[in-house]
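Heads up: the structure comes next, in structure tokens.
The values are calculated or read from the model by the stated rules, or taken from the named source; none is laboratory data. Treat the numbers as computed from the prediction; the structure is a model and nothing was measured. Cβ placement follows ideal geometry from the backbone for every residue including glycine, while neighbour counts extend to all protein chains displayed.
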Amino acid sequence: MKSREFTPERLDILAFATDHGTLEGNVDLQTMLRLRAGFHAAATDPSTWPQGHWQATAELRPQTKGAPQVWLHLQAQTAVPLECQRCLQTVQEPLSVDRWFRFVATEAEAEQLDTDADEDILVISRTFDLLALIEDEWLLAQPLVPVHPDCELAFTGSDTFDDAANESEASQTPHPFAALAKMKLDTSR
Ligand SMILES: [Zn+2]
């Protein structure tokens, strides 16, 4: 059994798969500049940010014809402080990624396969940046509209909160289409 050292930021994918390698680690979200760019402006203290954790394994899958396929399994969990789109406070959104990737030799092959393959196709590299892939996947896993699952504003109709009052005022303003529907009703009378 060979024992090679693997570095997540500069991973030799083929060697990693050949060794049936496993890597895992923690990530400080401060180092993920693209991810933290989307954090809630009020979440300024990095010591309150959750840590990330990831694990990756790779394997070669023999084919009846041709070279074996190179597969990587990535699991990565964290949570990110985003802005709740309802109460505008910080909401910790958990992110969990569990995906398989298949590596092919060239960009052209990847483009050709990407449209019909179920799995994600990446181009093989001797210096693959696994942490950049983890960041990509976490960016994709983020909800489009972050909201507290139990956001106070979701079920308070009272004027306990100023924002809640504004919210109910806003919801009393007729929607343009509602106004249009009313007009249509009026003319049909
Ligand atoms: Zn909220």
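Among (1) assigned by TED's automatic domain parsing to the domain that holds ASP129; (2) over 16 Å from TRP138 (Cα atoms); (3) surrounded by fewer than 11 Cβ atoms within 10 Å (Cβ to Cβ), where does ARG4 come up short?
For ARG4, the exception is condition (1).
Could you check GLU109 against (1) crowded, with 16+ Cβ neighbours inside 10 Å; (2) more than 15 Å from the chain's Cα centre (by Cα) and say which number it fails?
Here GLU109 clears every test but (1).
Determine which member of the set GLY52, GLY25 is crowded, with 18+ Cβ neighbours inside 10 Å, in the same structural domain as PRO146 (by TED's automatic domain parsing), among the small types (Gly, Ala, Ser) and at pLDDT 95 or above. I'd like the intermediate steps shown before the answer.
Working: GLY25 fails: crowded, with 18+ Cβ neighbours inside 10 Å.
After applying the criteria, what remains is GLY52.
Would you pick out the residues in region 116-144 that are more than 13 Å from the chain's Cα centre (by Cα) and within 16 Å of the ligand (Cβ to nearest atom)?
none
List every residue pair whose Cβ atoms lie under 9 Å apart, where the two residues are 6 or more positions apart in sequence or sit on different chains, the first residue falls within region 83-111 and is touching a residue at least 60 places away in the same chain (Cβ under 8 Å) and in a strand (DSSP E or B), and the second residue, located anywhere, is away from the ligand (no atom under 16 Å from the Cβ) and among the aromatic types (Phe, Trp, Tyr).
PHE103/TRP71; PHE103/PHE128
What residue, of VAL104, VAL123, is touching an Asp or Glu at 6+ places or on another chain (Cβ under 9 Å) and β-branched (Val, Ile, Thr)?
Answer to the selection: VAL123.
Do you know which residues across region 47-82 are of a type in the set (Phe, Trp, Tyr) and in a strand (DSSP E or B)?
Matches in region 47-82: TRP54, TRP71.
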